[in-house]
Amino acid sequence: MKQVVYTASPESQQIHVWQMNDEGALTLLQVIDVAGQVQPMVVSPKRDFLYVGVRPNFRVLAFRIAADGTLTDAGQAPLPGSPTHISTDREGRFLFCGSYNDACVSVSPIGDDGIPQAPLQVINGLDGCHSANIDTDNKTLYVPALKQDRICLFALGADGQLTPRRQAQVTTVEGAGPRHMQFHPGGQFAYCVNELDSTVEVWALNTGEGEAESVQTLDMMPPDFSGTRWAADIHLTPDGRFLYACDRTSSTLAIFSVSELGDELTLEGFQPTETQPRGFNIDHSGRFLVAAGQKSHHIEVYAISEPKGLLQPLGRYAVGQGPMWVVIHQLQA
């Protein structure tokens, strides 16, 4: 399996492109200087474009992915607010952008050429909107509004329009601050990292109707931690067996094993990592995790070990200033 790792460093306005070998070692392939603070990134479902949100001139950039994973500029489109998180539907027809500062989520069509277009819809009033997450059925978009302690549920129409589900929202405990989400491959459960109380919440889903119910909440902090909680990112191995979440104040990764059905998490341990880990990701084989230190200006690669998903450090690499996003791409066969 040939893979590349993309890292976005907004302080130095750079994207780094790394080749990952079968042992998890990285080799730098390319550095792209971007006119703006590069922040959220996502690879298109067809694996031919990397989409990147940029500030302060709010827009999404499209980079064409070459056979070796390197990038060439292919186009751009405006966004209605500062991009905090971007994603696509599972068919690659629409791009979603959540904006924390501008309290909105938007939908942008993606043309047949793979280039995003101007937004067709903007939904406001989502205070602290931190991500937009399409379910495994490509029918329901889950949008956490961190400052409102709620996750809004929207049905995705064939034309890209979002309409509130019959169950229009679910709420967390007060002060939790829902932020990012992941879906179990079985499609019946989702996991949300809550920023302000550094917990991970398990949601049981009814994907046909878009309904959800909280079934478990676990603390993701070391037992001796006493500072301000500040969770950031969450990712699941492709087989759904292990879940990871990071906290920026403690600079740790919490490690969870996942039940076969996906309905229950077990805390297995903690891994100290780069200073202020804002973002991380897991490779497509489920063997490696790459974490970015926003304050250390490095990324670190870990091996995921059996049977509990514990992490073994493999290598550390200097990147741009303030790295915040990590995306891992499997190259076309």
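The values are calculated or read from the model by the stated rules, or taken from the named source; none is laboratory data. Remember, it's a predicted structure, so these values are computed and weren't measured experimentally. Cβ atoms come from the backbone with ideal geometry, glycine included; neighbour counts cover every protein chain shown. Please note that ligands, DNA and RNA were not included when accessible areas were found on the heavy atoms of the full protein model with its side chains. Shrake-Rupley method; radii C 1.70, N 1.55, O 1.52, S 1.80 Å.
THR266 - would you say it is open to solvent by 20 Å² or more (accessible area, probe 1.4 Å), among the hydroxyl-bearing types (Ser, Thr, Tyr) and without any contact (Cβ under 8 Å) to a residue 12 or more places away in the chain?
The answer is yes for THR266.
Among the residues that make up segment 287-304, is at least one of them under 21 Å from ALA204 (Cβ atoms) and more than 17 Å from the chain's Cα centre (by Cα)?
No, the conditions are met nowhere in segment 287-304.
Residue by residue through segment 171-218, note down the ones that are under 14 Å from CYS246 (Cα atoms), in contact with a Pro (Cβ under 7 Å, 6 or more places away or on another chain) and of a type in the set (S, T, N, Q).
ASN194
Restrict the check to segment 104-121 and report whether at least one residue is touching a Gly at 6+ places or on another chain (Cβ under 7 Å), without any contact (Cβ under 8 Å) to a residue 40 or more places away in the chain and open to solvent by less than 50 Å² (accessible area, probe 1.4 Å).
Checked segment 104-121: at least one residue is touching a Gly at 6+ places or on another chain (Cβ under 7 Å), without any contact (Cβ under 8 Å) to a residue 40 or more places away in the chain and open to solvent by less than 50 Å² (accessible area, probe 1.4 Å).
Just to confirm my filter: which strands (runs of 3 or more DSSP E) fall fully inside segment 24-133 and include at least 1 residues that are touching a His at 6+ places or on another chain (Cβ under 8 Å)?
Passing ranges, in order: 26-33, 37-43, 49-55, 59-65, 85-88, 94-99.
When you look at LEU265, is it among the hydrophobic types (A, V, I, L, M, F, W, C) and closer than 20 Å to GLU300 by Cα, yes or no?
Answer is no for this residue.
So the check is Cβ under 6 Å with 6+ separation or different chains; which pairs have a first residue in segment 49-67 that's free of Cβ contacts under 8 Å to residues at least 40 places away in the same chain and farther than 20 Å from THR84 by Cβ and a second one that's of a type in the set (A, V, I, L, M, F, W, C) and assigned to a strand (DSSP E or B)?
Correct list of pairs: empty, since none qualify.
From the list ILE134, ILE151, pick out the single residue that is crowded, with 18+ Cβ neighbours inside 10 Å, among the hydrophobic types (A, V, I, L, M, F, W, C), modelled with pLDDT of 95 or more and out of contact with any Cys (no Cβ under 8 Å at 6 or more places or on another chain).
Only one candidate qualifies: ILE134.
Does segment 106-122 hold any residues that are hydrophobic (A, V, I, L, M, F, W, C) and touching a Leu at 6+ places or on another chain (Cβ under 6 Å), and which are they?
Answer for segment 106-122, where residues must be hydrophobic (A, V, I, L, M, F, W, C) and touching a Leu at 6+ places or on another chain (Cβ under 6 Å): VAL107, ILE110.
Just for segment 309-318: of the residues that are touching a Ser or Thr at 6+ places or on another chain (Cβ under 9 Å) and open to solvent by less than 20 Å² (accessible area, probe 1.4 Å), which one is nearest to GLU23 (Cα to Cα)?
By that ranking, first place goes to LEU311.
Out of (1) crowded, with 21+ Cβ neighbours inside 10 Å; (2) in a loop (DSSP other than H, G, I, E, B); (3) not β-branched (Val, Ile, Thr), the odd one out for GLU306 is which?
With (1) crowded, with 21+ Cβ neighbours inside 10 Å; (2) in a loop (DSSP other than H, G, I, E, B); (3) not β-branched (Val, Ile, Thr) applied to GLU306, the lone miss is (1).
If I go through segment 15-29 residue by residue, how many of them are under 15 Å from VAL327 (Cα atoms) and either among the acidic types (Asp, Glu) or open to solvent by less than 40 Å² (accessible area, probe 1.4 Å) (or both)?
7
Which of (1) part of a loop (DSSP other than H, G, I, E, B); (2) surrounded by fewer than 16 Cβ atoms within 10 Å (Cβ to Cβ) is the odd one out, the single condition GLY160 does not satisfy?
In the conditions (1) part of a loop (DSSP other than H, G, I, E, B); (2) surrounded by fewer than 16 Cβ atoms within 10 Å (Cβ to Cβ), GLY160 misses (2) alone.
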